[in-house]
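The values are calculated or read from the model by the stated rules, or taken from the named source; none is laboratory data. Because the structure is a prediction, the values reported are computed rather than measured. Cβ placement follows ideal geometry from the backbone for every residue including glycine, while neighbour counts extend to all protein chains displayed.
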Amino acid sequence: MLSSTVSSNHYLAAVCAHQTGVNNANSAEVFKVLFEKDRRRLYAYIFAFVSDRAIADDVFQETSLTLWKEFDKFELGTNFSKWANVIAFNRIRRMRQEKGKYQLGLSEDFLTEFNNNMAQFDTDMVTKEKRWQQLEQCCALLSSPLKSIYQGFYVQNLTAQNIADNTGRSIHAIRKSVHKLRKRLFDCVDKHTSGIDQ
């Protein structure tokens with residue numbers, strides 16, 4: 001249950017506050033920001049493996065505490081989600097060994113493959129998010145006429161004929177502008193994101 005997730009977050013915050021001295025205050029704040037940003041995704045990741053809210057809550061709480069206790073091992077600048085997934089996956093495996101009744105007939109090979117697929121899914125989502133962010137930046141660089149075409153064609157979902165009627169331009173000119181707009185946006189996004197797709 002999501003309320004359990006919230007209460008375990010309060011528990012985690014209390015543990016962090018208790019264990020954190022003045023020297024570690026910055027580390028605690030960094031952890032809090034990274035954890036809060038990722039906690040819903042992490043809970044969904046755990047739930048995908050166990051399919052039981054009570055078990056997911058327990059594993060989530062254990063994982064959260066382990067993330068905090070081992071945060072000094074996390075290398076800033078690397079992917080917090082991937083690091084959290086590894087810890088969660090190990091907690092899930094340990095739970096399965098301790099409580100064989102929750103295995104649901106799934107082999108370790110299946111769980112490992114499922115984990116790898118989830119990691120690829122997470123990577124794909126990050127890549128898509130970066131491409132969307134870059135698209136927004138590229139749209140901001142468009143000239144006013146092309147911004148107007150973008151707004152009409154993609155945001156308001158108008159046809160080329162509607163835009164031509166509204167602007168007094170020919171439909172041929174609007175189609176040419178839409179083609180130019182697509183090419184410019186594609187080239188801009190591709191130029192700035194070519195490294196993240198590999």
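For segment 98-120, a tally of residues being surrounded by fewer than 18 Cβ atoms within 10 Å (Cβ to Cβ) and either under 19 Å from the mean Cα position of the chain (by Cα) or modelled with pLDDT of 85 or more (or both) returns 6. Among the residues examined, D165 qualifies as acidic (D, E), more than 30 Å from A56 (Cα to Cα) and at pLDDT 70 or above.
Against the condition assigned to a helix (DSSP H, G or I) and surrounded by fewer than 14 Cβ atoms within 10 Å (Cβ to Cβ), how does A56 come out, does it pass?
Numbers: assigned to a helix (DSSP H, G or I): yes; surrounded by fewer than 14 Cβ atoms within 10 Å (Cβ to Cβ): no.
Against the criterion (assigned to a helix (DSSP H, G or I) and surrounded by fewer than 14 Cβ atoms within 10 Å (Cβ to Cβ)), A56 does not qualify.
Consider A173 carefully, then state whether it is of a type in the set (A, V, I, L, M), assigned to a helix (DSSP H, G or I) and surrounded by fewer than 17 Cβ atoms within 10 Å (Cβ to Cβ). Spelling it out, A173 is indeed of a type in the set (A, V, I, L, M), assigned to a helix (DSSP H, G or I) and surrounded by fewer than 17 Cβ atoms within 10 Å (Cβ to Cβ). Given the condition surrounded by 12 or more Cβ atoms within 10 Å (Cβ to Cβ), closer than 30 Å to K180 by Cα, among the hydrophobic types (A, V, I, L, M, F, W, C) and modelled with pLDDT of 65 or more, answer yes or no: does some residue in segment 87-97 qualify? Scanning segment 87-97 turns up no residue that is surrounded by 12 or more Cβ atoms within 10 Å (Cβ to Cβ), closer than 30 Å to K180 by Cα, among the hydrophobic types (A, V, I, L, M, F, W, C) and modelled with pLDDT of 65 or more. Pairing each residue of segment 59-81 that is under 17 Å from R93 (Cβ atoms) with any residue that is in a loop (DSSP other than H, G, I, E, B), provided the two are 6+ apart or on different chains, yields C-beta distances under 9 Å for L67/F74.
Is it fair to say A84 is of a type in the set (G, A, S), at pLDDT below 85 and part of a helix (DSSP H, G or I)?
It is false that A84 is of a type in the set (G, A, S), at pLDDT below 85 and part of a helix (DSSP H, G or I).
Beta carbons closer than 7 Å, at least 6 apart along the sequence or on distinct chains, pair a first residue in segment 158-169 that is surrounded by fewer than 15 Cβ atoms within 10 Å (Cβ to Cβ) with a second that is in a helix (DSSP H, G or I) for Q161/I171.
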